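In what follows, a structure is listed as C-alpha cells, so that the remarks can point back to it.
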Amino acid sequence: MYFGIIPLILLFIFLFSYWKDPRRMINGLLFNMFVCSFLLFCFIVSFSSDLYLLRMAVVIPLIALFLLIPFAIIALMFGLFLNARVLMKREGRRLANSLTLLVAIGILLFILLPIINPASLFSSHLQPIFAGVSLITFYFFIHLSNFLSAYFLYQFNRPKYNQDFIIVLGSGLINDKVPPLLASRIQKAIDFYHRQAAVGTPPTIIFSGGQGSDENLPEAEAMQRYAIEKGIPIEHTLQENRSVNTYQNMLFSKQIMDNIKQGEAYNSIFTTNNFHLFRAGIYARLAGLKSQGIGSKTAFYYWPNAMIREYVAIVVLERKRHMKLIAPIIIITILLALFSFFLV
C-alpha cells in the first residue's frame, strides 16, 4: 500500500500551490493528478482486498461511468446545439455567439470519425500526420481539463474583509448605459463594500474602463454614476478611464493604487463575472497585482459560450508555450510523412 503515498504527496503539493497563488493553471493539473492517482489507489486497494463487497463498491461505479461516457458526450452535443439556438436568439447572430454551435459540430464530427475513418480516404503516407493531429488533440484535451479544474477551484476564493481597494472591471456600455452584465459586476463590488463597512473600514471602489469608439463617455464614468445611484459615497470611488482590455484594467488600476499608497502595502480585490474570473486573475498576476477576484453570477444560457471564449483566450495568451510543444510534433510528423513517401 506504499502507492497510497503518491496521492497524499500530490494533495499536499496541490494545496501548497493553491495557497501560494490560486490563479495558476498548474493548480488544475496538480488537482487532476491527485484525483487520478487517488482513484487508481482505490482501485488497487479494492482488488488486493479479499472483501467482495469492497471490490464491487469500486468496480460497479467504474463500469457505470464507462458506460455513461458515450451518453454524456451525446447529451453535451445536443445541449450545446440547444444553447447556441437560445443564445443567438437572445443575443444576436454573431461569430462571438456561435462558439457553442462550433463546438457542438466538432463533437458531432468526433462521433462520426470512427464511422467515416478519414485516414482510409487518403494515402497511407499521410498516416504520421493523422497521428500527429490525434496527439495534438489529446494534448489540448488535457489542457482543457486542467483549465476547467483551475477555473472551478478558483471560484472557492473568498477574500477577507480587509481590502483597501475593489477594482470593478468594465465590459462595455450599451447606449452609454450600464448593461445587466456590467451591472452585476458593480453590484458584486457594492455588496462586498457594505459587508466590509459593517465590520471595518470601507474600501475604495475603482471603476476601470476606458471610452470605446462607439461610446460618448468613458465606461468608468458610467459605472461610477451607477454605483453612486445605488448609495455608494462618491468619496469612496475612483475612476480609471484609460484601459481598453483586462490587462490594462489591472495595470492602470495598480498605478492608481500605488500612487495613493506611496509605497505602503495595501490589499485589493477585483470583481467581474464568474466566467471571466480566472483569466482576469491571470492578468492581475501579469500586471504585478496580488489581487484575488470575486465573481458575479451569469445567466446560464450565456455561460457555456462565455466559457469557450475564455478558454480560447487562455490558449492565445499561452500560445508561445503551446507552440513549443506543438511545433516539434508538426515538424516530426511532416518529416515522417515525407520519409514514407520518398523511401517506402
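Of the listed requirements (1) crowded, with 16+ Cβ neighbours inside 10 Å; (2) assigned to a loop (DSSP other than H, G, I, E, B), ILE269 misses just one: (2).
Rundown of residues vs (1) at pLDDT below 90; (2) basic (Lys, Arg); (3) closer than 30 Å to GLU318 by Cβ, yes/no style:
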residue	(1), (2), (3)
ILE13	no, no, yes
PHE41	yes, no, no
LEU54	yes, no, no
LEU87	yes, no, yes
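Selection of the range 308-328 for residues being open to solvent by less than 70 Å² (accessible area, probe 1.4 Å) and either within 18 Å of the chain's Cα centre (by Cα) or under 19 Å from ALA284 (Cα atoms) (or both) yields ILE308, GLU310, TYR311, ALA313, ILE314, VAL315, LEU317, GLU318, HIS322. Among the residues of the range 189-240, the ones that are open to solvent by 30 Å² or more (accessible area, probe 1.4 Å), assigned to a helix (DSSP H, G or I) and within 19 Å of ASN175 (Cα to Cα) come to 4 in all.
So is PHE34 assigned to a helix (DSSP H, G or I), under 30 Å from ARG321 (Cβ atoms), modelled with pLDDT of 75 or more and touching a Pro at 6+ places or on another chain (Cβ under 7 Å) or not? So PHE34 fits the description; yes.
For (1) modelled with pLDDT of 95 or more; (2) of a type in the set (Asp, Glu); (3) in contact with a strand residue (DSSP E or B) (Cβ under 9 Å, 6 or more places away or on another chain), each residue gets a yes or a no:
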position	(1), (2), (3)
ALA227	yes, no, yes
GLN239	yes, no, yes
LEU251	yes, no, no
GLN292	no, no, yes
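Apart from one condition, ALA183 fits all of (1) hydrophobic (A, V, I, L, M, F, W, C); (2) open to solvent by less than 20 Å² (accessible area, probe 1.4 Å); (3) over 26 Å from the mean Cα position of the chain (by Cα); the exception is (3). Taking the stated definitions as given, is ILE186 closer than 30 Å to LEU87 by Cβ, of a type in the set (Val, Ile, Thr), in contact (Cβ under 8 Å) with a residue 12 or more places away in the chain and in contact with a Pro (Cβ under 9 Å, 6 or more places away or on another chain)? In short, no. Within the range 143-162, the set of residues being touching a residue at least 12 places away in the same chain (Cβ under 8 Å) and in a helix (DSSP H, G or I) comprises HIS143, LEU144, SER145, ASN146, PHE147, LEU148, SER149, ALA150, TYR151, LEU153, TYR154. Across the range 137-178, the number of residues qualifying as touching a strand residue (DSSP E or B) at 6+ places or on another chain (Cβ under 8 Å), closer than 16 Å to SER17 by Cα and either surrounded by 20 or more Cβ atoms within 10 Å (Cβ to Cβ) or hydrophobic (A, V, I, L, M, F, W, C) (or both) comes to 1. Checked against (1) in contact with a helix residue (DSSP H, G or I) (Cβ under 7 Å, 6 or more places away or on another chain); (2) surrounded by fewer than 16 Cβ atoms within 10 Å (Cβ to Cβ); (3) under 28 Å from PHE156 (Cβ atoms); (4) in contact (Cβ under 8 Å) with a residue 40 or more places away in the chain, GLY293 passes all but condition (2).
The values are calculated or read from the model by the stated rules, or taken from the named source; none is laboratory data. Note that the structure is a prediction, hence the values are computed from the model and not measured. As a convention, Cβ positions derive from the backbone with ideal geometry for all residues, glycine included, and neighbour counts pool all protein chains shown. These accessible areas exclude ligands, DNA and RNA; they are computed on the full protein's heavy atoms, side chains included. Shrake-Rupley method; radii C 1.70, N 1.55, O 1.52, S 1.80 Å.
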